[in-house]
Amino acid sequence: MSGPTHDPELTALEDALVRLAPASGVNRDALMFRAGQASVRRRAWPIAAVASTLTAAGLAAVLLLRPPTVLERVVLVEPSPAPTAPQQDDSAADYLRLRDRLERESDDAPPPNPAAPALRRTIPLDALLGLPPDAVTDPWITSRKASFQSGDPL
């Protein structure tokens with residue numbers, strides 16, 4: 001590490017600068033404050049803040065002062081004929097008959113299960129409902145009860 005160089009000319013200049021005093025009454029603190037102010041560039045954020053505030057206020061005014069919009073639409077609805085219950089029952093019965101026929105005649109059908117007839121025992125509706133036999137005498141319920149016991153579709 002090199003030590004300080006002792007150049008006699010530089011040392012003389014240094015001593016002369018140390019002895020100098022300002023000729024006029026310059027306030028050092030005021031000078032530094034002014035230098036700090038001059039070094040700061042004007043930034044755009046205050047202008048952007050004011051612009052966004054004015055934009056938000058304008059949009060709020062537009063939303064509050066505009067007249068309400070009323071949407072009016074005419075919808076024509078044509079009633080469709082409701083399907084009747086017998087047609088639904090017939091289509092369900094046709095489906096079941098077709099399914100059974102396909103199972104019997106198809107080459108890919110599984111072999112018949114010999115235990116299946118034993119599983120098709122019928123339980124009376126009265127027993128399922130916990131009623132004594134023939135407790136219900138309503139003709140509609142009686143016809144439904146007969147169809148449940150026979151395994152036929154409703």
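The table below lists the values:
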read-out: Some residue of segment 114-127 being at pLDDT below 80, in a loop (DSSP other than H, G, I, E, B) and hydrophobic (A, V, I, L, M, F, W, C); value: yes
read-out: Subset of segment 58-93 (residues that are surrounded by 10 or more Cβ atoms within 10 Å (Cβ to Cβ) and at pLDDT below 90); value: Gln88, Asp89, Asp90, Ser91, Ala92, Ala93
read-out: Positions within segment 15-38 being of a type in the set (S, T, N, Q) and assigned to a helix (DSSP H, G or I), in sequence order; value: Gln37
read-out: Some residue of segment 44-57 being out of contact with any strand residue (DSSP E or B) (no Cβ under 7 Å at 6 or more places or on another chain), of a type in the set (A, V, I, L, M, F, W, C), at negative phi and at pLDDT below 85; value: yes
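The values are calculated or read from the model by the stated rules, or taken from the named source; none is laboratory data. In this text, all values refer to a predicted model and were calculated from it rather than measured experimentally. Positions of Cβ are backbone-derived with ideal geometry, glycine not excepted, and every protein chain shown enters the neighbour counts.
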